[in-house]
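So the structure is just underneath, and the comments pick up after that.
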Amino acid sequence: SQTIHQWPATLVQPVGSPLSLECTVEGTSNPNLYWYRQAAGRGLQLLFYSVGIGQISSEVPQNLSASRPQDRQFILSSKKLLLSDSGFYLCAWSVPGKNIQYFGAGTRLSVL
Amino acid sequence: QKEVEQNSGPLSVPEGAIASLNCTYSDRGSQSFFWYRQYSGKSPELIMSIYSNGDKEDGRFTAQLNKASQYVSLLIRDSQPSDSATYLCAVSTGFQKLVFGTGTRLLVSP
């Protein structure tokens, strides 16, 4: 069966510090991968998605970036965090050609 | 801008009642529709998917789709306190992406 791992679960970072969140999927090959952010009381905002190694599409211009160095690994990064980057970051995967997405447990980021 | 609209709630129902959650979407070309449940502080989990007009039942859950009216709903029969959560409606946009509504918060009182 497929599983998705996301870490860390919580993170407190100062403004201006770098960020690296990692997501890995097990039990499937060549998944579509997604990064979402959910601000407090808000909906899910798609940040990046990837259909293959090195293929990243950005949905929202901001100071975040994403990379997919391996088939089942998806990394969200920032060089300098802003207060507005606080939120609940969710990684998700889907089978190529299918629309159902499955979510990891999420990372709650607080930028202070 | 493709949009998915939901009433934020909270929708309050007594235990044992039917909860009715509604969602409208703007993209007439959408083909796939999903309901996710999100407990406070947790990630969304898929509870229902529906692809064609009509009803789809799974246990206490029934999803209803009306593409002509661009409307999808979720009925929860015999609501339980454990059903208290935020319910997210998601609609496919093509290109293997989903657009999510902001969710409806459901409160089921004992």
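The values are calculated or read from the model by the stated rules, or taken from the named source; none is laboratory data. Computed from a predicted model, the values in this text were never measured in an experiment. As a convention, Cβ positions derive from the backbone with ideal geometry for all residues, glycine included, and neighbour counts pool all protein chains shown. Heads up: the accessible areas ignore ligands, DNA and RNA and are worked out on the full protein's heavy atoms, side chains in. Shrake-Rupley method; radii C 1.70, N 1.55, O 1.52, S 1.80 Å.
In region A:63-78, is there at least one residue being within 8 Å of chain B (Cβ to nearest Cβ), farther than 18 Å from A:ALA9 by Cα and open to solvent by less than 40 Å² (accessible area, probe 1.4 Å)?
Going through region A:63-78, the residues within 8 Å of chain B (Cβ to nearest Cβ) turn out to be none.
Within region A:63-78, none of the residues are within 8 Å of chain B (Cβ to nearest Cβ), farther than 18 Å from A:ALA9 by Cα and open to solvent by less than 40 Å² (accessible area, probe 1.4 Å).
The residue that is nearest to the other protein chains (Cβ to nearest Cβ), among those in region A:85-101 that are closer than 22 Å to B:VAL99 by Cβ and among the polar types (S, T, N, Q), is A:ASN99. Considering only residues in region B:3-14 that are exposed (fewer than 14 other Cβ atoms within 10 Å of the Cβ) and more than 15 Å from the chain's Cα centre (by Cα), the one that is nearest to B:LEU98 (Cα to Cα) turns out to be B:SER12. Are any residues in region B:79-110 more than 14 Å from chain A (Cβ to nearest Cβ) and either out of contact with any strand residue (DSSP E or B) (no Cβ under 6 Å at 6 or more places or on another chain) or not in a strand (DSSP E or B) (or both), and if so, which ones? Selection gives B:SER79, B:GLN80, B:PRO81, B:SER82, B:ASP83, B:SER84, B:PRO110.
Of the residues B:TYR51, B:TYR39, B:TYR25, the single one that is open to solvent by 30 Å² or more (accessible area, probe 1.4 Å), within 29 Å of A:ALA40 (Cβ to Cβ) and within 14 Å of chain A (Cβ to nearest Cβ) is B:TYR39.
Taking the criterion of being surrounded by fewer than 20 Cβ atoms within 10 Å (Cβ to Cβ) and basic (Lys, Arg), the only residue of region A:1-48 that qualifies is A:ARG42. Scanning region B:78-95 for residues that are surrounded by fewer than 18 Cβ atoms within 10 Å (Cβ to Cβ) and in contact with a Gly (Cβ under 9 Å, 6 or more places away or on another chain) yields a total of 3. Residue pairs whose Cβ atoms lie under 6 Å apart, sitting 6 or more positions apart in sequence or on different chains, and linking a residue in region B:89-110 that is free of Cβ contacts under 8 Å to residues at least 12 places away in the same chain to a partner that is assigned to a strand (DSSP E or B), are B:GLN96/A:ASN32. Among the residues of region A:78-112, those that are of a type in the set (A, V, I, L, M, F, W, C) and within 19 Å of A:GLU22 (Cβ to Cβ) comprise A:LEU81, A:PHE88, A:LEU90, A:CYS91, A:ALA92, A:TRP93, A:PHE103, A:ALA105, A:LEU109, A:VAL111.
Those strands (runs of 3 or more DSSP E) of region B:25-78 in which at least 3 residues are without any contact (Cβ under 8 Å) to a residue 12 or more places away in the chain, considering only elements entirely within it, cover B:54-58. When we screen A:GLY104, A:GLY52 for residues that are within 14 Å of the chain's Cα centre (by Cα), within 14 Å of chain B (Cβ to nearest Cβ) and open to solvent by less than 30 Å² (accessible area, probe 1.4 Å), the only hit is A:GLY104.
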